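In what follows, a structure is listed as structure tokens, so that the remarks can point back to it.
The values are calculated or read from the model by the stated rules, or taken from the named source; none is laboratory data. This is a predicted model, so every value here is computed, not measured. For neighbour counting, all protein chains shown are included, and Cβ atoms are generated from backbone atoms with ideal geometry for every residue, glycine included. Note: accessible area is taken over every heavy atom of the protein model, side chains too, but ligands, DNA and RNA are not part of it. Shrake-Rupley method; radii C 1.70, N 1.55, O 1.52, S 1.80 Å.
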Amino acid sequence: MTVREIAMSAAEILQADDLLSALESDEDSALEDTDVKTLLKCVWLAVSEAAVDFPLLSTVDANSIGGRIAFDGFEPFVYIKSVERNGRAVPFAADGACVSVRCDGVYQVTFAVRPQDCAIDEAVTLGADADRDMIAYLCARNYCLATGRYDEAGVWDQRYCVEAERRRIRRRATMPAREWR
């Protein structure tokens, strides 16, 4: 999904036909409109907010020298989720300069990636379980807040929270396999 598709979904939710028609046109002059610019900024804010609830994880193999793994080669990241060696989790400490581990060797470092800004027609990368509708709810909420429609913003915030909680429960809830006796 692209930034434009998310913005169009949010415009449909808000029933803003003028924004929708401006986004559907390929004219650059339509993208100069202040309302369209505000909506696009709201998309990026929504993507950043959703990355907190549904992080995009990346794993790299990194060498430890002197018990320290430098951040070289890591994408812009938010936090370190885990460090493993030979498939087993190892204790680690992360500070502003490096990840500290007990001994030297090759480690698999898993971290949450910061969402990258991209052009209006480029694809947006989201974390697991996040989709266009959820981001559109957040974008609609942000746009309503920016335009002073606070009551309507509360509605879209509730819709996002319900959808996010449903997905979190689905992700962690598993049913054991049925046994036939």
Quiz item: Check residue 105: other-chain or 5+ apart residues with amide H under 5 Å from its amide H, H built from backbone geometry?
Solution: 64
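Quick check: at a probe of 1.4 Å, how many percent of the accessible area of the stretch 1-130 sits on carbon and sulfur atoms? Walk me through the numbers before you get to the answer.
On the way: 3470 of 7240 Å².
The C+S portion of the solvent-accessible surface of the stretch 1-130 is 48 percent.
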Exercise. Work out from phi, with θ = phi - 60° and the Karplus expression 6.51 cos²θ - 1.76 cosθ + 1.60, the ³J(HN,Hα) of each residue of the stretch 17-25, listed in order in whole Hz, and give x for Gly and Pro.
Key: 5, 5, 5, 4, 5, 5, 6, 6, 6
Self-check item: Separation of the residue 106 and residue 168 label points, Cα + 7 Å toward Cβ, nm
Solution: 3.7 nm
Quiz item: With the contact rule set at Cα under 8 Å and sequence spacing of 6 or more, what percent relative contact order holds for the chain?
Solution: 28 percent
Practice problem: Pull up all non-local amide H partners of residue 94: gap of 5 or more, or a different chain, and H-to-H distance under 5 Å with H placed in the peptide plane. | Solution: 100
Quiz prompt | Per-selection metrics, the stretch 86-181 (Cα): Rg and Dmax in Å | solution = 20.4, 61
Quiz item: Taking only Cα atoms, what is the 0 to 90° angle, nearest 10, from helix 3-14's long axis to the longest principal axis of the chain?
Solution: 50 degrees
Quiz item: For the stretch 78-121, what relative contact order do you get, as a whole percent, if you take Cα pairs closer than 8 Å and at least 6 residues apart?
Solution: 47 percent
Practice problem: If a/c stays under 1.5 just call it rounded; otherwise compare a/b with b/c (prolate if a/b is bigger, oblate if not). Do that for the stretch 1-83, with a ≥ b ≥ c from the square roots of the Cα gyration tensor eigenvalues. | Solution: prolate
Quiz item: Which number comes out as Rg/Rh for the chain once both Rg and the Kirkwood Rh are worked out on C-alpha atoms?
Solution: 1.10
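When ligands, DNA and RNA are left out and all protein chains stay put, how many square angstrom of accessible area per residue does the stretch 24-181 have with a 1.4 Å probe? Write out the running numbers ahead of the final one.
Values: 10010 Å² over 158 residues.
Accessible area per residue, the stretch 24-181: 63 Å².
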Quiz item: What shape does the stretch 126-167 have by the C-alpha gyration tensor, where a ≥ b ≥ c are the square roots of the eigenvalues, rounded means a/c under 1.5, and otherwise prolate means a/b greater than b/c and oblate the rest?
Solution: oblate
Quiz item: What list of ³J(HN,Hα) couplings, whole Hz, do you get for the stretch 141-151 from phi and the Karplus terms 6.51, -1.76, 1.60, once you set θ to phi - 60° and write x for glycine and proline?
Solution: 4, 5, 5, 5, 5, 5, 9, x, 9, 5, 5
Quiz item: If amide H atoms are built 1.01 Å from N in the plane of the peptide, which residues on other chains or at least 5 residues away come under 5 Å of the amide H of residue 2?
Solution: 124
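Using packing as a proxy for protection, rank 58-66, 83-91 so that the peptide with the highest average count of other Cβ atoms within 10 Å comes first. Don't skip to the answer; put the middle values down first.
On the way: 58-66: 13.9, 83-91: 11.9.
In descending order of packing, they fall as 58-66, 83-91.
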